[in-house]
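The values are calculated or read from the model by the stated rules, or taken from the named source; none is laboratory data. Keep in mind it's a predicted model, so treat the numbers as computed, not measured. Cβ atoms come from the backbone with ideal geometry, glycine included; neighbour counts cover every protein chain shown.
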Amino acid sequence: MSPRALPRPAVCPACTIPAPEIRPAEAVAPGNIVLSLPTIHCAGCISTVERGLNAVEGVRSARVNLSLKRVAIEAAPDITAQQLVKVVEGLGYEAHELDAALLSESRGDRIGRNLLMRLAVAGFAVMNVMLFSVAVWAGAEGSTRDLMHWFSALIALPAIAFAAQPFFANAWSALRARRLNMDVPISLAILLAAGMSLYETTQSGENAYFDAALSLTFFLLAGRYLDYRTRASARSAAQELAALEVNRAPRLIDGNEVITPVADLQVGDIVVVRPGSRVPVDGRVLTGESEIDRAFLTGESLPAYVGPDAELRAGEINLTGPLTMRVTARAQESTLQKVANLVALAESARNRYTSLADRAAAIYAPGVHLLALVAFVAWFAISGDLRLSINIAISVLIITCPCALGLAVPAATTAASGRLYRHGVLLKSGTALERLAEADTAVFDKTGTLTLGQPRLREGGGFSDDDLRLAAALAAHSTHPLAQALVQAAEARGIANDLPAVENASEHPGHGISAWLEGREIRLGRAAWLGLPPTETTATCLDRGDGRKVVFTFDDALRPGARELIDALRGLGLDIHMITGDTPAAARRVADALGIDKVTAGALPEDKVALLDNLSERGRKVLMVGDGLNDTAALARAHVSVSPASALDIARVASDIVVTGHDLSPVAEALRTARATRRRIKENFALAAAYNAVAIPLAVLGHATPLLAALAMSASSITVTLNSWRLR
Amino acid sequence: MDMLVYLIPASLFMGGAGLAAFFWMLRSGQFDDPDGDANRILRTDYDDHPKE
């Protein structure tokens, strides 16, 4: 296995941010289907799902993984995921198709397995070497002691060579980049301890530190494995969100629809975009009329009308009528990908962030190495004994507990991310918590972030219950979001049960709905269609057919927890801004409802980035919360960024933190936890320093023994871990 | 002290066997779904063979 494939260390986690990309469809064996089952929880669920799926004709095997809440199915090629989703839903469980290619389970597992294997080797070796060491500490003398040391060397050297590789690889890559990270002193301590002990053994010396070198390796690997586990569970949850958007589109070939992976679409292909689905790639409308929702791209809450020859961009949502479009750019060259490139650019700037661990290493490593050098020079000057002086210098290096320092950050972040995971907050980057703790300004997007991006009928707009009843009767025939909002409003008023019976209802894509009632034609739709002047806000109009026309206006429903979040963040001392691509009027309404006074409306994506740049030039550390394509560059540019689970795939990739669930208020909890984590990390460094304050004078004076090293190492590691555990 | 000649190799052999068994378990995916395995022993239907 090459060093590149090794797990990245906790001390340099910024490197793990994946480059945003539109993945080409990987070859997955046909018939391998993965379903997400978010509601399974017990042995009964496993049996029901597996038995139900195995009973389906053509399914070869179905295996539930309860830890990941998934089921992996092997089936005949003609079985589709949709069929199986129906079967599972028939059994009473929620099921979603996952993109098997995107999950690439094997790779993630390999890293985890690899770490676990090294941990097992280190654990095996440390236990055996400890047994021999106990014999030496108990007073074995002469040839018996030498024998014990030789056996220790026999076990320890190969074990270290195998188990400590992740540290060596990271230390080496840091040194090559002329930087110091925590792995440099760790590797040095392990290597010097092993080397000095081997030399002492050949010289029948009294002290060998094989057990110290191994327990250092073991403790640090344990910390690293825990760290990997928490990050992997957050990552697999984030991956699952991405995999929910299965990237396939119906392509028209000779009048037949063929389901094609989006990555395989070529310029000139003709694609069908059904109402309710997302435009897969950039293109131009061939036939059909509809309204599309551009909120993800521009932040406008008002749907836009499109007809033949209109431009469509990837990510927009088709609302009312079916469209066929001709592809004008492949997925890899679409607007989406251009934004992805912008994100990659912005992210390289952020990767220069120096984590607390790296800063501590930059102070600690030279300090310790200098101290060891001073001890060596002083002892050599006083005693003139080279071997003694080297032994003392090395015991200083071993005893200064890089162990506790190496655990200080991962132990705290592991406990914190476990806690946040239970609150529905996924941390995608290891330094996300540290950066979040520093945030002093929060910038929010409006549409889809502070609001749900779903319209809600505004009350008191000069319409009667009767108007609403008639409008709802028409609206019931459409899936348009405004129509749905009318039906919901009627239900909320309790008048949805006695709707007038309209006849011959038909939907005019892009315009509205018409129907007949008591010999009159009534229409519900866009203002222009009914011959009314255009409305300033989101609205739909009703022509009652008796000469009276009624306007229904809508506003965007606030996201649950938005108010609490804004209040909580202000309470934590953050300055709140809102920036949106929507109209000033729509922006002001939301800002007033939430009590935000710094508002920028009508902003383009570049304006959002400019605002962030401006704030950071003034020394502000900005927390950006957004969900759309128009926020993506800003998300990547911000000091730390959060997106809701409903955000576009690429926005989630660009952000450090993803909040699952509808409610945004866990963001405040995340901020509090982040600040607590930073305090714990600093306490951990202080604890490690306190141990050193006792241990270093002993080591420098030449009183260090392997027993003392073992005690100091275990005690400091355990204190640091326990202190971190308080975060849970 | 002559006993050590037998005891040390014996302890190393046993520890090594445990390590080898752990490797085998890890490679055959027995740690992939700890929650599921904990629950599977509670069901009444019997697994004829482990996951491949």
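Of all residues in the range A:606-626, none satisfies being at pLDDT below 85 and either in contact with a Cys (Cβ under 6 Å, 6 or more places away or on another chain) or not in a helix (DSSP H, G or I) (or both).
Within the range A:223-231, not a single residue is assigned to a helix (DSSP H, G or I), among the basic types (Lys, Arg), surrounded by fewer than 19 Cβ atoms within 10 Å (Cβ to Cβ) and at pLDDT 85 or above. Counting the residues of the range A:40-70 that are more than 9 Å from chain B (Cβ to nearest Cβ) and farther than 11 Å from B:Gly36 by Cα gives 12. Here B:Met14 does not fit the description of being more than 7 Å from chain A (Cβ to nearest Cβ), surrounded by 11 or more Cβ atoms within 10 Å (Cβ to Cβ) and either at pLDDT 85 or above or farther than 30 Å from A:Gly139 by Cα (or both).
Number of residues in the range A:313-334 that are touching a strand residue (DSSP E or B) at 6+ places or on another chain (Cβ under 7 Å) and at pLDDT below 85: the value is 8. Contact map, the range A:699-728: first residue of a type outside the set (Lys, Arg), second residue outside any helix (DSSP H, G or I), Cβ cut-off under 7 Å, separation 6 or more or different chains; pairs are A:Thr705/A:Asn207; A:Pro706/A:Asn207; A:Pro706/A:Ala208; A:Pro706/A:Tyr209; A:Ala709/A:Tyr209; A:Ala712/A:Cys401; A:Met713/A:Cys401; A:Ser716/A:Cys401.
When you look at A:Asp385, is it within 36 Å of the chain's Cα centre (by Cα) and over 30 Å from A:Pro303 (Cβ atoms), yes or no? Against the criterion (within 36 Å of the chain's Cα centre (by Cα) and over 30 Å from A:Pro303 (Cβ atoms)), A:Asp385 does not qualify.
Here is a check on your reading of the model: is A:Asp631 assigned to a helix (DSSP H, G or I), more than 27 Å from A:Glu316 (Cβ to Cβ) and assigned by TED's automatic domain parsing to the domain that holds A:Thr431? Outline the logic, then answer.
Details: assigned to a helix (DSSP H, G or I): yes; more than 27 Å from A:Glu316 (Cβ to Cβ): no; assigned by TED's automatic domain parsing to the domain that holds A:Thr431: yes.
It is false that A:Asp631 is assigned to a helix (DSSP H, G or I), more than 27 Å from A:Glu316 (Cβ to Cβ) and assigned by TED's automatic domain parsing to the domain that holds A:Thr431.
For the range A:447-482, residues that are within 40 Å of the chain's Cα centre (by Cα) and either of a type in the set (Phe, Trp, Tyr) or closer than 30 Å to A:Val625 by Cβ (or both) total 17.
A:Leu98: within 11 Å of chain B (Cβ to nearest Cβ), under 29 Å from the mean Cα position of the chain (by Cα) and crowded, with 20+ Cβ neighbours inside 10 Å, yes or no? The answer is no for A:Leu98. Looking only at residues in the range B:1-11 that are more than 8 Å from every other protein chain (Cβ to nearest Cβ) and either among the hydrophobic types (A, V, I, L, M, F, W, C) or not in a helix (DSSP H, G or I) (or both), the one that is farthest from the chain's Cα centre (by Cα) is B:Asp2. Counting only strands (runs of 3 or more DSSP E) wholly contained in the range A:487-602, the ones carrying 2 or more residues that are touching a strand residue (DSSP E or B) at 6+ places or on another chain (Cβ under 9 Å) and buried (at least 21 other Cβ atoms within 10 Å of the Cβ) occupy A:512-517, A:520-525, A:539-543, A:549-558, A:575-579.
Out of the residues in the range A:63-81 that are in a loop (DSSP other than H, G, I, E, B) and touching a helix residue (DSSP H, G or I) at 6+ places or on another chain (Cβ under 6 Å), which is surrounded by the most Cβ atoms within 10 Å (Cβ to Cβ)?
From the range A:63-81, those in a loop (DSSP other than H, G, I, E, B) are A:66-69, A:76-80; that's our starting set.
Next cut, touching a helix residue (DSSP H, G or I) at 6+ places or on another chain (Cβ under 6 Å) only: A:66-67.
Values: A:Leu66: 22, A:Ser67: 16.
This residue is A:Leu66.
Only one of the numbered conditions (1) hydroxyl-bearing (Ser, Thr, Tyr); (2) within 25 Å of A:Thr287 (Cα to Cα); (3) surrounded by fewer than 19 Cβ atoms within 10 Å (Cβ to Cβ) is not met by A:Ser478, and that is (3). Scan the range A:244-289 for residues that are in a strand (DSSP E or B), within 24 Å of A:Ser646 (Cα to Cα) and charged (D, E, K, R) and the total you get is 2.
Inspect all residues belonging to the range A:647-654 and state whether any of them is outside any helix (DSSP H, G or I) and either aliphatic (A, V, I, L, M) or modelled with pLDDT of 85 or more (or both). Give the derivation first.
Quick first cut of the range A:647-654, residues outside any helix (DSSP H, G or I) only: A:647-648.
Retained after the next criterion (residues that are either aliphatic (A, V, I, L, M) or modelled with pLDDT of 85 or more (or both)): A:647-648.
Yes, some residue in the range A:647-654 is outside any helix (DSSP H, G or I) and either aliphatic (A, V, I, L, M) or modelled with pLDDT of 85 or more (or both).
Can you name every residue in the range A:607-651 that is crowded, with 24+ Cβ neighbours inside 10 Å and of a type in the set (D, E, K, R)? Listed by number, the residues that qualify are A:Lys608, A:Asp627, A:Asp631, A:Arg637. Per this entry, A:Leu192 is counted among residues that are more than 14 Å from every other protein chain (Cβ to nearest Cβ) and touching a residue at least 60 places away in the same chain (Cβ under 8 Å). The residues listed here are A:Ala19, A:Ala5, A:Ala43, A:Ala62; of these, the one that is closer than 28 Å to A:Ala633 by Cα and either at pLDDT 85 or above or not assigned by TED's automatic domain parsing to the domain that holds A:Asp656 (or both) is A:Ala19.
For the range A:139-156, a residue qualifies if it is surrounded by fewer than 17 Cβ atoms within 10 Å (Cβ to Cβ) and more than 13 Å from chain B (Cβ to nearest Cβ), and exactly one does: A:Gly139. Counting the residues of the range A:46-94 that are farther than 18 Å from B:Asp32 by Cβ and either over 28 Å from the mean Cα position of the chain (by Cα) or not hydroxyl-bearing (Ser, Thr, Tyr) (or both) gives 31. Selection of the range A:109-122 for residues being under 22 Å from A:Leu711 (Cβ atoms) and either assigned to a loop (DSSP other than H, G, I, E, B) or facing chain B (nearest Cβ under 9 Å) (or both) yields an empty set. Of the set (1) surrounded by 18 or more Cβ atoms within 10 Å (Cβ to Cβ); (2) at pLDDT below 85; (3) of a type in the set (D, E, K, R); (4) touching a helix residue (DSSP H, G or I) at 6+ places or on another chain (Cβ under 9 Å), all apply to A:Glu245 but (1).
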